[in-house]
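Reading through the structure tokens given below for one structure.
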Amino acid sequence: MSHFWTYIRDALCKALSAAEREAVMGDFAELGLTDRRAATSLLELVLRRQLRAWKEWQPWFTTLAIILPVCPLLAMLCTQLSMSVWPSVVSWVHHEPSYDTGLSPSAFWGAICLRASALATWSWTSGFALGALSRRTPWVSGVLFFGSYVVLANMGQPFSVRLCWLTGVVWLPVSINLLCVLLPAYCGIRRRSRMPDLKFLRVLGLALWTTAMSALALWSRAWDQAAMENWVRGGSALTLMQLTRHPALWNAGTTELLITAALAAPIFYVLASDALGVRR
Amino acid sequence: MLGEFEYLILAATVRLGDDAYGAAIVLEIERATARKCSIGGLYTTLDRLESKGMIKTWMGNPTAERGGRSKRMVRVLAKGMEAAKDFYDAVLKVSRGTSWQGASTGLRK
């Protein structure tokens, strides 16, 4: 039981800044508090701090402008990615022939890689923005982000997949969710929490990178439509070279543009807050 | 107007002088009030008083009895002194002509 309270105390301590952690732990040592009393005292401190932090506008802004729009979109795109990869993997593992998508294998896996990279970029930048803009509530906002995402991603799965949690069917979507969204978002929050100051040029670089990845994702999303049109005309699988020369490649619909803009937006909020000198 | 706990912290800090820091303030308040004072409550109130410009805190030197850890030192600023004086004056004014001795005795009976 003693180890339990020690663990709780140490875990709660991580919510404090390094200097304050040292002062608080020193006070506990000097007062000779038991681990249990230290843990309850720390819990009181952390909860009071969080309640106070939520009286400011920043945590609410991150909830409304990042968590609410980004989580459903990430969950939707990640589910779509899993559904694209799944038939090819099953077909390849069990039957060896490749799953015909109307794209050459290199174009198909190129599209998958571009979408996965874009998802990881959006997740990382969303996590980073969450850490930068939520001010003193990055981990609570992070829990809200991850909680919302996990619920929405699970809801997005077909019912048959949700029923088979103990079978291999689930592990591919789970791995994709973990690698493309959850892990990058966690790394984004962690990265921001370890940076003492934001450099404008660094944020600008991140914004440019996010824009480039978003454009590539938008581009690769048009490949499916191109492959379908080509298949209807009886053409052979499209290669990457053919896709780059396809006429309707950049004709993305308004919905796709809005989705991409919403996913890329968080890093621009950080850029804007830095440029306008909004206190973080 | 200060709260009761805020006043206790300001008074204990002034009383401790250059030795005012987290654990010492807790002990001072516990000794004076004979009630438990938590570090969590103390640090939150210190944050609030600091944001109001009534106190200044900084990291002090580490000591062996604290396992070599630093202290969060506290000093009351002019605004804090003024607020504490106003609180004290208000308590004195409202208590003028009031005796608690009888009430206490009555309760015991």
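Bear in mind these aren't lab numbers, they're just calculated from the coordinates by the rules spelled out. This one's a predicted model, so the numbers in the text were calculated from it and none came from an experiment. Reconstructed Cβ throughout: ideal geometry from the backbone, glycine too, with neighbour counts over all protein chains shown.
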Rh (Kirkwood; distinct C-alpha pairs) - the stretch A:3-128, Å | 19.1
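Exactly which trypsin sites (Lys or Arg not before Pro) in the stretch A:1-64 are in a DSSP loop and have at most 12 other Cβ atoms within 10 Å? Walk me through the numbers before you get to the answer.
On the way: sites: A:9, A:14, A:21, A:36, A:37, A:48, A:49, A:52, A:55; in loops: A:14, A:55.
Sparse-neighbourhood loop trypsin sites (Lys or Arg not before Pro): A:14, A:55.
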Setting aside same-chain residues fewer than 8 positions from residue B:93, which lysines have a Cα under 19 Å from its Cα?
-> B:85
Give me the distance in nm between label points sitting 7 Å out from Cα along the Cα-to-Cβ direction at residue B:82 and residue B:52, one decimal.
-> 1.3
Would you mind calculating the gained length between residue A:199 and residue A:155 on full extension (0.36 nm times residue separation, minus the Cα-Cα distance), in nm to one decimal?
-> 12.0 nm
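When only C-alpha pairs under 8 Å and at least 6 residues apart count, what is the relative contact order of chain A, in percent? If you can, show how the numbers build up before the last one.
On the way: 292 pairs, mean separation 71.3, N = 280.
Relative contact order, chain A: 25 percent.
Would you please classify the overall shape of chain B from the alpha carbon gyration tensor, given that a ≥ b ≥ c denote the square roots of the eigenvalues, rounded means a/c under 1.5, and beyond that prolate means a/b larger than b/c while oblate covers the rest?
Working: a/c = 2.83, a/b = 1.59, b/c = 1.77.
Because a/c hits 1.5 or more and a/b fails to exceed b/c, chain B counts as oblate.
For the stretch A:2-53, state the average projected area of the convex hull of the C-alpha atoms over all orientations, rounded to one decimal in nm². Before the final figure, lay out the partial values.
On the way: hull surface 13.3 nm².
Mean shadow area of the hull around the Cα atoms is 3.3 nm².
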Dipole check, chain B, charges on Cβ (K,R +1; D,E -1), about Cα centroid: among B:33, B:1, B:62 the Cα furthest to the positive pole belongs to B:33
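Within chain A, which is the longest segment that contains none of the chymotrypsin sites (Phe, Trp or Tyr not before Pro) sitting in a DSSP loop with at most 13 other Cβ atoms within 10 Å? Could the numbers behind the result be given before it?
Details: sites that count: A:165, A:250.
The segment A:1-164 is the longest one with no such site.
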Restricting to Cα pairs under 8 Å and 6 or more apart, the percent relative contact order of chain B works out to 28
Estimated FRET transfer efficiency when R0 is 45 angstrom, pair residue B:18-residue A:113 (beta carbons, to 0.05) | 0.10
How long is the gain from residue A:272 to residue A:179 if the chain were fully straight, where each residue apart is worth 0.36 nm and the alpha carbon distance is subtracted?
-> 30.6 nm
Checked against the positive end of the charge dipole of the protein assembly as shown (+1 on Cβ of Lys and Arg, -1 on Cβ of Asp and Glu, about the Cα centre), the farthest of A:46, B:91, B:53 is B:91
In terms of Cα to Cα distance under 19 Å, which aspartates and glutamates are near enough to residue B:52, apart from those fewer than 8 places away along the same chain?
-> A:56, B:4, B:6, B:82, B:86
Counting only Cα, what are the radius of gyration and maximum Cα-Cα distance Dmax of chain A, in Å?
-> 22.8, 81
For residue B:55, enumerate residues with amide H under 5 Å from its amide H, sequence gap 5+ or separate chain, H modeled in the peptide plane.
-> B:50, B:77
Extension reserve of the residue A:262-residue A:86 stretch, reckoned as 0.36 nm per residue once the Cα distance is removed | 60.7 nm
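Based on DSSP H runs of at least 4 residues, each adding -39500 (n - 2.57), what is the mean residue ellipticity at 222 nm of chain A after dividing by all its residues, to the nearest 500 deg cm²/dmol?
Working: 13 runs with 209 residues, N = 280.
That calculation yields -25000 deg cm²/dmol at 222 nm.
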Please report, in debye to the nearest 20, how large the charge dipole of the stretch A:57-276 is about its Cα centre when each Lys and Arg carries +1 at its beta carbon and each Asp and Glu carries -1 there.
-> 700
Scan around residue A:103 for amide H atoms under 5 Å from its own, H built in the peptide plane at 1.01 Å from N, and keep only partners 5 or more places away or cross-chain.
-> A:238
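Can you give the charge dipole size of the protein assembly as shown about its Cα centre, rounded to the nearest 20 debye, using +1 on the beta carbon of Lys and Arg and -1 on the beta carbon of Asp and Glu?
Numbers: 42 positive and 27 negative charges, 232 e Å.
With Lys and Arg at +1 and Asp and Glu at -1, about 1120 debye.
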Residue A:215 versus residue B:59, label points 7 Å from Cα toward the beta carbon: distance in nm?
-> 4.4
Picking from B:70, B:95, B:38, which is most flexible by a Gaussian network model of chain B using Cα springs under 10 Å?
-> B:95
For chain A, whose charge dipole is built from +1 on Lys and Arg Cβ atoms and -1 on Asp and Glu Cβ atoms, the candidate among A:31, A:217, A:272 with its Cα farthest towards the positive end is A:31
